[in-house]
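One structure is given here, and the rest of the page talks about it.
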Amino acid sequence: MAAVLLVCTANICRSPMAEAIFKARLGEVFKTIASAGVHADPRGGPVDASAAAALERHKYSLERRWRSRRVDPEQLGQYDLVLAMEAEHVQALRKQAAPEHQARILMLTDFLPEMAGQDIPDPYFGPVAGFDAVIGMIERAAIRLLSESREGRLRLG
């Protein structure tokens, strides 16, 4: 089974929400589901309180001991798919990744045709509704990934 890494800026909002949603919805596709941040605090920290509350409202959860972490370029090869929230993240990850791992790094919106090429907005400084909107986007991408996997169109590795 495959492994996926979900990446945002600080690994406290979007990517941990994606991790929780993917674990709930894509366990049959990915054996390993993890998240990290391009600029995450190297000491690690908890998920943002608003992100945690949004996950709870939508009936998702992270492990109690979950901590943010920074992307480790040496570990990128361990993932069959690396899904970033912003084009800037894709660029940063591709600069760090070995040449043979470049094609594995995509935007999450590559699985949302209605948002192709757009960033998943960062809800950190916005209203609570922004977190719920991001969860909806991630859920739609997860549904699409599951469908593509079941139909044999998802190419991993």
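Couple of notes before you dig in:
- Test: residue in segment 98-110 that is assigned to a loop (DSSP other than H, G, I, E, B), at pLDDT below 95 and of a type outside the set (Gly, Ala, Ser): no
- Scanning segment 103-154 for residues that are among the hydroxyl-bearing types (Ser, Thr, Tyr), open to solvent by less than 30 Å² (accessible area, probe 1.4 Å) and more than 13 Å from the chain's Cα centre (by Cα) yields no hits at all.
- Scanning segment 31-48 for any residue that is open to solvent by 40 Å² or more (accessible area, probe 1.4 Å), in contact with a Lys or Arg (Cβ under 6 Å, 6 or more places away or on another chain) and of a type outside the set (D, E, K, R) turns up at least one such residue.
- Screening Val82 with (1) in contact with a strand residue (DSSP E or B) (Cβ under 8 Å, 6 or more places away or on another chain); (2) part of a helix (DSSP H, G or I) gives one miss only, at (2).
- Residues of segment 51-102 that are touching a Gly at 6+ places or on another chain (Cβ under 6 Å) and open to solvent by less than 30 Å² (accessible area, probe 1.4 Å): Ser68 alone.
- Filter result (in a loop (DSSP other than H, G, I, E, B) and either in contact with a Cys (Cβ under 6 Å, 6 or more places away or on another chain) or without any contact (Cβ under 8 Å) to a residue 40 or more places away in the chain (or both)) within segment 29-58: His39, Ala40, Asp41, Pro42, Arg43, Gly44, Gly45, Pro46, Val47, Asp48
- Filter pass, Ser15 being outside any helix (DSSP H, G or I), crowded, with 22+ Cβ neighbours inside 10 Å, hydroxyl-bearing (Ser, Thr, Tyr) and out of contact with any His (no Cβ under 6 Å at 6 or more places or on another chain): no
The values are calculated or read from the model by the stated rules, or taken from the named source; none is laboratory data. None of these values were measured; they are calculated from a predicted model. All Cβ positions, even for glycine, are placed from backbone atoms using ideal geometry, and neighbour counts span all protein chains on display. For accessibility, only protein heavy atoms count, side chains too; no ligands or nucleic acids. Shrake-Rupley method; radii C 1.70, N 1.55, O 1.52, S 1.80 Å.
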